[in-house]
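The values are calculated or read from the model by the stated rules, or taken from the named source; none is laboratory data. In this text, all values refer to a predicted model and were calculated from it rather than measured experimentally. Reconstructed Cβ throughout: ideal geometry from the backbone, glycine too, with neighbour counts over all protein chains shown.
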Amino acid sequence: MKAGKIRPIAICVFFHQGRILVNEGYDSVKKQTFFRPLGGKIEFGESSSSTVRRELLEEIGCEVQNLRYLATLENIFTYNGEKGHEIVLVYDGDFTDESIYQRAMIQGHEDNHDPIKAVWKSLSDFRAGSDGVVSTPLYPSGLLELLQKEE
């Protein structure tokens, strides 16, 4: 991520049996595991829905269909000690290969060859406990609230 730049990205939420597919990440500075739906940077001249299709094919080798735009979120964050700012277009969609829904984990890789480990998680996994603390956050900010309305 370039410092001082706003990055436009598109992500896709895949709902299946009360769970969503998310990539597991780790912030080494915060020493915190977090999750985020798959997707990535919108390239110049590319529509956000095309970004979702391209990114899922590149990252985990899967084709998607029935994309439905949900919302746009603004995500201002710090990751590994670096400030970031994203405009996030959020989609819902389906995999063309239904066997994907039966896999507990889907491995792939980012453009920079960093590994991707996508898993199915329940939205309840991201809700705050009785102490008000969320042990494992879902990013981008505001996504959990958006998805709770979609449930």
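With respect to (1) closer than 22 Å to residue 146 by Cβ; (2) modelled with pLDDT under 95, the lone exception for residue 104 is condition (1).
Scanning the stretch 31-72 for residues that are free of Cβ contacts under 8 Å to residues at least 40 places away in the same chain and among the basic types (Lys, Arg) yields 31, 41, 53, 54, 68.
Quick check on my filter: what residues within the stretch 2-16 are of a type outside the set (Lys, Arg) and either modelled with pLDDT of 90 or more or surrounded by 12 or more Cβ atoms within 10 Å (Cβ to Cβ) (or both)? Result: 6, 8, 9, 10, 11, 12, 13, 14, 15, 16. Quick one: would you say residue 44 is at pLDDT 95 or above, part of a loop (DSSP other than H, G, I, E, B) and either over 27 Å from residue 149 (Cα atoms) or not polar (S, T, N, Q) (or both)? It is true that residue 44 is at pLDDT 95 or above, part of a loop (DSSP other than H, G, I, E, B) and either over 27 Å from residue 149 (Cα atoms) or not polar (S, T, N, Q) (or both).
Just so you know, in the stretch 74-104 the residues that are acidic (Asp, Glu) and over 17 Å from the mean Cα position of the chain (by Cα) include one that is nearest to residue 141 (Cα to Cα), and it is 82.
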